[in-house]
1. Take region 310-333 and flag every residue that is more than 18 Å from residue 29 (Cβ to Cβ) and without any contact (Cβ under 8 Å) to a residue 60 or more places away in the chain.
2. With (1) more than 20 Å from residue 30 (Cα to Cα); (2) in contact with a helix residue (DSSP H, G or I) (Cβ under 6 Å, 6 or more places away or on another chain); (3) touching a residue at least 60 places away in the same chain (Cβ under 8 Å); (4) part of a loop (DSSP other than H, G, I, E, B) as the list, and residue 307 as the residue in question, which single condition is left unmet?
3. Residue by residue through region 127-153, note down the ones that are outside any loop (DSSP other than H, G, I, E, B), touching a residue at least 12 places away in the same chain (Cβ under 8 Å) and more than 22 Å from residue 179 (Cα to Cα).
4. How many residues, within region 322-338, are surrounded by 19 or more Cβ atoms within 10 Å (Cβ to Cβ) and either touching a strand residue (DSSP E or B) at 6+ places or on another chain (Cβ under 6 Å) or more than 23 Å from residue 6 (Cα to Cα) (or both)?
5. Residue by residue through region 229-242, note down the ones that are in contact (Cβ under 8 Å) with a residue 12 or more places away in the chain and surrounded by fewer than 19 Cβ atoms within 10 Å (Cβ to Cβ).
6. Is it the case that residue 35 is assigned to a loop (DSSP other than H, G, I, E, B) and within 24 Å of residue 330 (Cα to Cα)?
7. Against the definition (under 14 Å from residue 53 (Cβ atoms), without any contact (Cβ under 8 Å) to a residue 60 or more places away in the chain and not in a helix (DSSP H, G or I)), how does residue 118 come out, yes or no?
8. If residue 180 meets every condition in (1) in contact (Cβ under 8 Å) with a residue 60 or more places away in the chain; (2) in contact with a helix residue (DSSP H, G or I) (Cβ under 8 Å, 6 or more places away or on another chain); (3) buried (at least 16 other Cβ atoms within 10 Å of the Cβ) apart from one, which number is that one?
């Protein structure tokens, strides 16, 4: 099939966190799986993929093994997702210079791994990232702030970042939208888990319907209290504070600084559909905006099903990539055929 875009498929190894924690998949297994399904971009969370990071550093041998796997499977390092633990010291917040030094450490690590990008948590102040921009440019790295629900591209904090990036004039600062901010329906796996945790089906139905109707979260929480909900029921209602159904088209005004996408998903059905996130709209917007980077799968349904059944991370990722192949007008590779 002919392609009229330059959008590429990848995987965040965060998707395989259950498998790596339980020891059923090693790093080589993760990379091989991605290559087999034609998802050639590899994103990592440093702490998950490299034991001891960031406290103990990473041995040269481990970095060499990473590069060997990239060569063996023809995969491409995309992003190192880093954390800035500015509350790591008891009794005080990390100072500005300490925060800058910490980010530079992650820039160095991303460069060692051959990454083009490092993902910044949304909580990091724009002044810190601007102070690191020149250093990142010298290392061939672009720092991408993750735009994650409940924040969005019209949120004052994100606008503050955007204005700071433009004022800096640096091309080493950008955004990484997480597709969870386009949660148009309450995920079925969330609802099922809350019911297993003790929420009555009537209250669960009410919360689900309220989310679909975009009812203000405070009203829903009050409704649940009036319905006699406590504990898990209130926790389910609280999820509405942290999720929202923003419009994918808002990415268009920021596309010149969007260089990687977190393909968040909570459930892929047997017919390769994500019921809660409108990927058809999302991909159409990315095509319209001329996006040229990766969509990296980020499976987060694991935590919602692991109490009831074995987590099928690989199968879930495969289903998402069959969906992406359809939306990106790609032929289905052999590793994705049912």
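1. Within region 310-333, 319, 320, 322, 323, 326, 327, 332 meet the criteria.
2. Among (1) more than 20 Å from residue 30 (Cα to Cα); (2) in contact with a helix residue (DSSP H, G or I) (Cβ under 6 Å, 6 or more places away or on another chain); (3) touching a residue at least 60 places away in the same chain (Cβ under 8 Å); (4) part of a loop (DSSP other than H, G, I, E, B), residue 307 violates only (2).
3. So in region 127-153, the residues outside any loop (DSSP other than H, G, I, E, B) come out as 127-139, 142-147.
Next, only the ones that are touching a residue at least 12 places away in the same chain (Cβ under 8 Å) stay: 127-137, 139, 142-147.
Result: 127, 128, 129, 130, 131, 132, 133, 134, 135, 136, 137, 139.
4. Residues meeting the conditions: 1.
5. Within region 229-242, the subset in contact (Cβ under 8 Å) with a residue 12 or more places away in the chain is 229, 231-242.
231, 232, 234, 235, 238, 239, 241, 242 - these are the residues of region 229-242 that are in contact (Cβ under 8 Å) with a residue 12 or more places away in the chain and surrounded by fewer than 19 Cβ atoms within 10 Å (Cβ to Cβ).
6. Numbers: assigned to a loop (DSSP other than H, G, I, E, B): no; within 24 Å of residue 330 (Cα to Cα): yes.
No: the conditions fail for residue 35.
7. Values: under 14 Å from residue 53 (Cβ atoms): yes; without any contact (Cβ under 8 Å) to a residue 60 or more places away in the chain: yes; not in a helix (DSSP H, G or I): yes.
Answer is yes for this residue.
8. Evaluating residue 180 over (1) in contact (Cβ under 8 Å) with a residue 60 or more places away in the chain; (2) in contact with a helix residue (DSSP H, G or I) (Cβ under 8 Å, 6 or more places away or on another chain); (3) buried (at least 16 other Cβ atoms within 10 Å of the Cβ) leaves (2) as the failure.
The values are calculated or read from the model by the stated rules, or taken from the named source; none is laboratory data. Because the structure is predicted, anything quoted here is derived from the model rather than measured. Cβ sites come from the backbone with ideal geometry, for glycine too, and all protein chains shown count toward neighbours.
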